[in-house]
Every structure is written in structure tokens, then in C-alpha cells.
Amino acid sequence: MPQLYGEAITRRDLASRSGALSQFAGVRLSTLGDGVERGNRQLEFRTGSGLRFTVLVDRAMDIAECDHNGRAVGWHSPSGFRNPALHEYEGEGGLGWFRSMSGLLITCGLDHVLFMHDDPAGHYHYGPRENVSSSLHGRIGTIPARLTGYGEEWRGDECVLWAEGIVQQSTVFGEDLHLIRRIEADVGGNEIRLHDRVVNHGFYRTPHMYCYHINVSHPVVAEGSRYVAPVRDVIWAAHAGDYRAQETGYRHFPAPIANFHEQVWQHEMAPDDRGRVNVAIVNEAMGFGFEVETLKSQFPAMYEWQNLHAGHYAVGIEPSTNHVLGKDFARERGELIWLEHGEERRYDSIFRILPDGDTVADAVRRIEAVCRQPDEDYPEPSGQFPPISKESAA
């Protein structure tokens, strides 16, 4: 049964204390009305534990705001939660994506992630279309969803808040991929559960790549906060040629730094005995943290993004279907996923608030029990990219 205000409470007792569950928790649909956000539909979830987050229906049902008892978790960038009608997908040589980059969760895909890329389009059997040109991190994150439902569901004395929608990335003579997303949170809980299905609705054989850009900021990220993960190998670092120039390793975070250049790492993670990979960012001085749980079979690769520039100041946890070197690298190694008509991939993840020192310490113990990460801040990248099975996440 829900744990609210320090006690377990039955559905009947909860109902007796107000005229509606919304006094304590619920999901509410509204529309943003000003500035670059104007016109965006959003769902606000409140679990009653102090967890509040918003889902942008018109931006792939991604998670925008996230806070716990007034303490921010999700990142708000200078770009804001921009209405997708303002987005120019191919703008700025493919970097226009940054003008819509904000929030706790930004979904990347469905047929491309990572930097800009031109892909031969012969599989679409349309002569005038020789190439598929993809901008940074793909198209899906700025496509509005068709909201198929939201609300509350009682299961005995347990109550689940939920929302579902379908996001279609489709064109004539090209891909017809559907993202079917369900988001859940328990009344009284501190977790967000994300269940995604990516389905090839069309009849062309279509490539599929997928990544979550999960962006955490202050006060979880602060001077002295650290990245805790079952890292068994640091595979790659974008800045390896000048590894210590910014005096920021992969484990510990500094205060904001003016003119900091983003740093990206790829780590090889060890799963636990149930195939789960747990990664956390913890502020032990505050007793506050955030944890992401994914399945190694669904997201075999994991990146760490550090954007510690003053005025930006965020750290990204990025589970991905493919290695950081991109689509050509995946194709050459036989690791690029192809979906035939009706085929799908599933992704089941948990975002977990660590609200106090005890839950932070427990998360650190759980993760370190699986595999202790390298103790040094600047481990030499191995360059050894493990094979990825195309069948593992089917």
C-alpha cells in the first residue's frame, strides 16, 4: 500500500481523508502558454512522496522537469522546453538539435543516434533518394505524441500513476517507425518506470538505433558529487588526446567552469545477476542522488556526458544500443539493428530518486557489489569495444 507522510495507508483510508486522490497525488494534463514553450502539452505527475515530474506529450513524451521535495534533479538548459514547431531539424549543419535540448530525458533515435551522418538509402527503393541525411541524435525527440491515455490505476491497495502515447517517425519512401511509450510511477514512490517499444510499422527493412540522453544537474551535480557505476573498462574518451587538460576525470565533478568543453566517455558496464546495469550520480555531502537502471541486453553500451560549463552544468547518463563510434562502425561490425515489418525492440528502465543519505549509501553498496569501478580519475581508455549482439534486445 502507498507510503504517504511516514505511514502506510489503505485505499479506503486514503479516500476517507479527501474528496479526490489529486489532493495527494495524480497526473494532470495542461498546456504551456508562454515563450518558446507555448503550445506544448504536458502531463504533471505527483506521487505524494515529494517526487514531481512533467512529461512533454508534444516532445516524444520525454521527461522535462523533475524534482523531489523542491530539490531539482532534471536539467533545464538555456534552450528551454521549446515547442517542436520551432525546431529546424537540419539547421546549423545538423547541430540545431541543441536548440531544443533540455530536460531530464531526451530520447534519441529512432533510426540514428550520435553525430550527423549520411546513410545510403537503397533499402527504401526510391531512386531520387540516394541518401538519408541524419542530424545530431535523430528526429524522434521533437515529434509530438498521440496521447492514448493517462490516469491512475488501483491494484488492490496499490495505486499506479500512468501515461501512454505513440510517437510516429514516418515518411513516404522511408522509415515508418513507431515509439509506443508507457510511463509509470507508484503513489508514495520515488521511481519512474519507462517502458518503450519501437516497432517497424512500415514494409521497408529499416535500421534502428536508440539512446536515452538522461541529464542530471544541480544540486545532485555539485562540487564533490561523483559518478558511481559498475565500470569494468573505460573503453573510449573523446578527449583522450588531452586527457587532463580540464582537470576533470570521469568519477568526480567540479564546480561550474567557464568555457568547459564537453567530455564524453564510453564505459563497459558489468550487469548484476539479473542482467541489470545501475548507474548513479550521488551528492553524498547533501545526502541526495539519482540512479538509472537499465537492462544490459537492451542497452549494451553506456556513455557518460559531462557538460560542466558555467550556465549549463549537467552530467548525462546515456544508455545506448550501439557503441559511440556510430552507424558506420556498427554496420562494419555487423551490429546495426535492422527491423522488418512488424518487428520490434523493447526497452524497460527505471529512474530512481535517492532522497537521503541512507538510500545514497545503499545504492553505492549495491553498485560496488557488482563491480568496483577504476579508482583513478583518468584511466587509460582501452579501445576494446565488446561485440554487440543484434538479437539480444529483441
- Note on the structure: The one condition residue 9 fails out of (1) under 30 Å from residue 107 (Cα atoms); (2) open to solvent by 10 Å² or more (accessible area, probe 1.4 Å); (3) of a type in the set (A, V, I, L, M, F, W, C) is (1)
- When both residues are 6+ apart or on different chains and their Cβ atoms are under 7 Å apart, which pairs have a first residue that lies in the stretch 276-294 and is closer than 16 Å to residue 223 by Cβ and of a type in the set (Gly, Ala, Ser), and a second that is open to solvent by 20 Å² or more (accessible area, probe 1.4 Å) and at pLDDT 95 or above? 285/224; 287/356; 287/357
- Task: Check off (1) more than 30 Å from residue 3 (Cα to Cα); (2) touching a strand residue (DSSP E or B) at 6+ places or on another chain (Cβ under 8 Å) for residue 136 and give me the number that stays unchecked.
- Result: (2)
- Query: What number of residues in the stretch 206-257 are outside any loop (DSSP other than H, G, I, E, B), β-branched (Val, Ile, Thr) and surrounded by 16 or more Cβ atoms within 10 Å (Cβ to Cβ)?
  - Reply: 7
- Message: Against the definition (open to solvent by less than 20 Å² (accessible area, probe 1.4 Å), modelled with pLDDT of 95 or more and touching a Leu at 6+ places or on another chain (Cβ under 6 Å)), how does residue 198 come out, yes or no?
- Response: yes
- Item | Candidate set: the stretch 273-284, residues that are touching a Lys or Arg at 6+ places or on another chain (Cβ under 8 Å) and open to solvent by 10 Å² or more (accessible area, probe 1.4 Å); chosen: the one farthest from residue 303 (Cα to Cα) | 284
- Task: Restrict the check to the stretch 124-143 and report whether at least one residue is farther than 21 Å from residue 317 by Cα, of a type in the set (A, V, I, L, M, F, W, C) and at pLDDT 95 or above.
- Result: yes
- Task: Just give me the residues in the stretch 99-114 being closer than 9 Å to residue 138 by Cα and either in a loop (DSSP other than H, G, I, E, B) or open to solvent by 10 Å² or more (accessible area, probe 1.4 Å) (or both), in sequence order.
- Result: 109, 110, 111, 112, 113, 114
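Residue by residue, here is whether (1) modelled with pLDDT of 95 or more; (2) acidic (Asp, Glu); (3) exposed (fewer than 15 other Cβ atoms within 10 Å of the Cβ); (4) closer than 26 Å to residue 217 by Cα holds:
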| position | (1), (2), (3), (4) |
| --- | --- |
| 45 | yes, no, no, yes |
| 49 | yes, no, no, yes |
| 63 | yes, no, no, yes |
| 70 | yes, no, yes, yes |
| 78 | yes, no, yes, yes |
| 81 | yes, no, no, yes |
| 90 | no, yes, yes, no |
| 120 | no, no, yes, no |
- Item | Selection within the stretch 149-163 - open to solvent by 70 Å² or more (accessible area, probe 1.4 Å) and more than 14 Å from residue 48 (Cα to Cα) | 150, 155
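Would it be correct to say that residue 137 is open to solvent by less than 50 Å² (accessible area, probe 1.4 Å), more than 30 Å from residue 289 (Cβ to Cβ), in contact with a helix residue (DSSP H, G or I) (Cβ under 9 Å, 6 or more places away or on another chain) and assigned to a loop (DSSP other than H, G, I, E, B)?
Details: open to solvent by less than 50 Å² (accessible area, probe 1.4 Å): yes; more than 30 Å from residue 289 (Cβ to Cβ): no; in contact with a helix residue (DSSP H, G or I) (Cβ under 9 Å, 6 or more places away or on another chain): yes; assigned to a loop (DSSP other than H, G, I, E, B): yes.
Considered against the rule, which asks whether it is open to solvent by less than 50 Å² (accessible area, probe 1.4 Å), more than 30 Å from residue 289 (Cβ to Cβ), in contact with a helix residue (DSSP H, G or I) (Cβ under 9 Å, 6 or more places away or on another chain) and assigned to a loop (DSSP other than H, G, I, E, B), residue 137 comes out as no.
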- Query: Across the stretch 58-86, what is the number of residues that are more than 21 Å from residue 21 (Cβ to Cβ) and either assigned to a loop (DSSP other than H, G, I, E, B) or out of contact with any Leu (no Cβ under 8 Å at 6 or more places or on another chain) (or both)?
  - Reply: 20
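Okay, residues lined up against (1) in contact (Cβ under 8 Å) with a residue 12 or more places away in the chain; (2) loosely packed, with under 15 Cβ neighbours inside 10 Å; (3) outside any loop (DSSP other than H, G, I, E, B):
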{"position": "347", "(1), (2), (3)": "yes, no, yes"}
{"position": "351", "(1), (2), (3)": "yes, no, yes"}
{"position": "360", "(1), (2), (3)": "yes, no, yes"}
{"position": "363", "(1), (2), (3)": "yes, no, yes"}
{"position": "368", "(1), (2), (3)": "yes, yes, yes"}
{"position": "373", "(1), (2), (3)": "yes, no, no"}
{"position": "377", "(1), (2), (3)": "yes, yes, no"}
{"position": "381", "(1), (2), (3)": "yes, no, no"}
{"position": "386", "(1), (2), (3)": "yes, yes, no"}
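The values are calculated or read from the model by the stated rules, or taken from the named source; none is laboratory data. Predicted model, so just to flag it, every value in this text is computed and none were measured. Note that each Cβ is placed from the backbone with ideal geometry, even for glycine, and that neighbours are counted across all protein chains shown. Note: areas computed on protein heavy atoms with side chains; ligands, DNA, RNA excluded. Shrake-Rupley method; radii C 1.70, N 1.55, O 1.52, S 1.80 Å.
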